[in-house]
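K.L.:
There's a structure below that I have some questions on.
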Amino acid sequence: DMLEPGSVDWEKIGFEPMTLFQRSFNYNSIVKVASLEPFMLQLNFIGGEDLGNGNRKLTLALLWQLMRYHLYTFLEQVHKVSVNRGGGLVLAIRDGETRFSDKHVLAWANEIIEEAYELRGEPEIPDGKFSLTSKCKIRSFKEDHLKDSIYFMLLIWAMKPLSIKWSFVAPGKTQQEKLRNARYVVSIARKLGTMVMVSPEDIVQV
């Protein structure tokens, strides 16, 4: 209800459920509301009984989808403000599309890096210890090379060129190098005031 005020019918919710039936009704209400508009979460394998039984994996899956919904709602609001000010933070939502999605975020990120390349050229890597050629564009958040965090560093560099010290960045060939890069990029993102919803360990397990 905090994400979408009015989405929960509080008159039907038991605030102090004493019986199994009352608790089950609350759990099922959560799943029902989350699966309907405007949320429309994918909860095919999640039921109220899973929440009631304390199923950690499925409960986290629900929370992750709610976090994702909250993030994209935030991006939509930022986009509207940007458009109203004559800017173009994110590619415009096409006719018939009502929600932000992964493809909008991917298009924005790729566009930011591409514009930085056109303006400043490719960043110089000390001693040429690795190449950026295949790392400056992605088509999916599941691409394997995201594990080395170099794409995320390029994105930060595109917006804040002096934030990334490329001499600190490893080629990302080993698991240790990937984790070191991930810790570095997360620390830089936090210093810039970014809303970070992943840990370094999450990045290396893309």
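The values are calculated or read from the model by the stated rules, or taken from the named source; none is laboratory data. Since we're looking at a predicted model, the values are computed, not measured. Cβ coordinates were reconstructed from backbone atoms using ideal geometry, including for glycine residues, and neighbour counts include every protein chain displayed. Calculation scope for accessible area: heavy atoms of the full protein, side chains included, ligands and nucleic acids excluded. Shrake-Rupley method; radii C 1.70, N 1.55, O 1.52, S 1.80 Å.
K.L.:
So how far, in whole Å, is the C-alpha centre of segment 157-175 from the one of segment 1-70?
P.N.:
First find each Cα centre; the distance between them is then 40 Å.
K.L.:
In Å², and per residue, what accessible area does the chain have when probed at 1.4 Å with the other protein chains present?
P.N.:
66
K.L.:
Rounded to the nearest 0.05, what FRET efficiency is calculated for residue 12 and residue 49 with R0 set to 25 Å and r the Cβ-Cβ distance?
P.N.:
After rounding, the FRET efficiency stands at 0.85.
K.L.:
Contour minus end-to-end for residue 39 and residue 198, with contour as 0.36 nm per residue of separation and end-to-end as the Cα-Cα distance?
P.N.:
That pair, residue 39 and residue 198, stretches by 55.1 nm at full extension.
K.L.:
Further question: Based solely on its DSSP helices, what 222 nm [θ] is calculated for the chain when runs of n ≥ 4 H residues each add -39,500 (n - 2.57) and the sum is averaged over all residues, nearest 500 deg cm²/dmol?
P.N.:
The helix contribution divided over the chain gives -15500 deg cm²/dmol.
K.L.:
What FRET efficiency comes out for residue 67 versus residue 22 if R0 is 25 angstrom and r is the Cβ-Cβ distance? Round to the nearest 0.05. Before the final figure, lay out each step's value.
P.N.:
Working: r = 28 Å, r/R0 = 1.10.
My answer for the efficiency is 0.35.
K.L.:
Further question: How much of the accessible area of the chain, in percent, comes from carbon and sulfur atoms when a 1.4 Å probe is used?
P.N.:
Summing carbon and sulfur atoms, their accessible area is 56 percent of the total for the chain.
K.L.:
For every other residue with a beta carbon closer than 13 angstrom to the beta carbon of residue 186, add +1 if it is Lys or Arg and -1 if Asp or Glu, then tell me the sum.
P.N.:
Numbers: positive: 178, 180, 183, 190, 191; negative: 201, 202.
Surrounding charge for residue 186 is +3.
K.L.:
Please say if segment 164-206 is rounded, prolate or oblate, where rounded means a/c under 1.5 for a ≥ b ≥ c the square roots of the C-alpha gyration tensor eigenvalues, and otherwise the choice is prolate for a/b larger than b/c and oblate otherwise?
P.N.:
oblate
K.L.:
Shifting gears a bit: Going highest first, how would you order 157-164, 124-131 by mean Cβ packing within 10 Å? Kindly include the intermediate steps, with their values, before the conclusion.
P.N.:
On the way: 157-164: 14.8, 124-131: 10.6.
The densest-packed peptide leads the list: 157-164, 124-131.
K.L.:
While we're looking at this one, here's another question. According to a simple spin-label model (label point 7 Å from Cα along Cα-to-Cβ), what is the distance in nm between residue 107 and residue 166?
P.N.:
About 3.0 nm, to one decimal.
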